[in-house]
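Notes follow the structure.
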Amino acid sequence: MNSEGADKPSTADERPHEVLDWLALDIGGTLAKVACVEEKVPVDRVKEAGLSVSRDERSLKTSSGDSLAFFLFSSREGQLSSAMAFLKILVLEYYPLGTLPRPTIRATGGGAVKFASVIRKQLDADIVKVDEMDSLVSGLSLLLNTDGSLFQYNIKHKRRQVIDTSAMQGVEGRGFFPFLLCNIGSGVSILKVEGPGKYKRVSGTSVGGGTVLGLGSLMFDAESFEEIIELSRWGDARRADLSVGDLMGTQPGPEHGMWSDDTLASSMGKLFVTDCPKADAAEEDGPAGNFCAGFSGYRAGEARQSRPAREDLAQSLIQMVSYNIGYISYLV
């Protein structure tokens with residue numbers, strides 16, 4: 001759903017303009033996302049330019065039968081060049097510089113304001129700023145009526161399961177309302193959606209995708225979100241995280257209360273390892289060994305291990321941020 005006045009270009013240029021209905025941008029603080037009709041992408045020209053383009057494997061069929069393709073680029077300071085090179089090829093293929101009517105592109109996210117002048121200058125195009133929350137709700141309403149687009153995660157079998165939406169579909173997905181929409185970008189916004197176009201922001205957190213990228217870069221030199229996700233697949237967060245068993249000992253008992261031995265107690269708690277009062281106490285049996293093992297993050301009788309690997313840190317980081325977003329969403 002476009003915000004009021006969304007089809008008015010953001011510049012005083014009086015030349016005739018044409019809003020492109022096959023291209024849209026979402027320029028966030030971390031990533032720039034491009035959605036366009038797949039048939040419009042001049043694949044050969046993109047290859048000739050030697051551009052490294054990250055494309056989502058999935059595509060979406062529109063009501064007109066077109067396929068929407070999705071592309072990702074970094075939007076960090078000074079790194080919008082790849083996105084601009086791709087957009088140049090895409091837009092100038094159909095609208096050479098100086099063409100009338102002048103192309104106008106719908107865009108959302110903070111970058112739609114921040115980079116508007118760059119887009120005007122390099123593409124001789126203009127930007128129509130669309131409200132980010134409006135875009136989220138209207139986009140999800142489209143997905144609610146698209147088969148195979150929704151899934152739930154089966155914790156027991158550790159896999160995604162597609163939700164059969166046929167019984168719930170109505171006019172514009174009315175059968176799904178009300179619901180919570182948790183949008184994870186650089187930060188996180190949680191919206192209560194009560195009907196088509198009817199919503200309000202009810203919560204959010206600054207701990208989101210930007211946190212993952214920032215800490216990933218600082219802790220293990222990660223250069224992209226994709227790298228962090230791939231590393232996490234091969235890691236073991238238990239090498240970085242403290243569990244209830246680490247803190248209370250491995251023998252189950254009433255002192256554990258409702259918590260099992262492997263319940264997460266502290267994300268990355270093992271990264272702070274304090275020397276024992278007695279050098280070899282962590283390897284001793286009895287109270288001294290148990291105290292030191294719990295205090296340092298290692299269990300009694302367990303040899304001190306090397307620092308967690310990059311993969312372990314990546315998995316711990318992903319889980320830490322994901323769990324906290326999940327907790328906040330659940331408690332809203």
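Specify, per residue and in Å³, the volume enclosed by the convex hull of the alpha carbon atoms belonging to the range 113-200.
156 Å³
Rounded, prolate or oblate: which fits the range 17-130, taking a ≥ b ≥ c as square roots of the Cα gyration tensor eigenvalues, rounded meaning a/c under 1.5, else prolate when a/b beats b/c?
In terms of gyration-tensor shape, rounded.
Among LYS88/LYS114; LYS33/LYS61; LYS40/LYS121; LYS114/LYS192, which pairs are too far apart, with a Cα-Cα distance over 26 Å?
Long pairs (Cα-Cα over 26 Å): LYS114/LYS192.
Under the rule of at least 5 residues apart or a separate chain, name every residue whose amide H is placed under 5 Å from the amide H of ALA222.
Those qualifying (amide H under 5 Å, at least 5 residues apart or on another chain) are SER217.
Which far-off residues, 5 or more places away or on another chain, put their amide H under 5 Å from the one on TYR199, with H placed in the peptide plane?
GLU194
Using every alpha carbon pair in the range 111-162, what percent of pairs falls into each 10 Å bin from 0 up to the bin containing the largest distance?
20, 25, 24, 20, 10, 1
Laboratory data are not the source of any read-out in this text; all were calculated from the coordinates shown. None of these values were measured; they are calculated from a predicted model.
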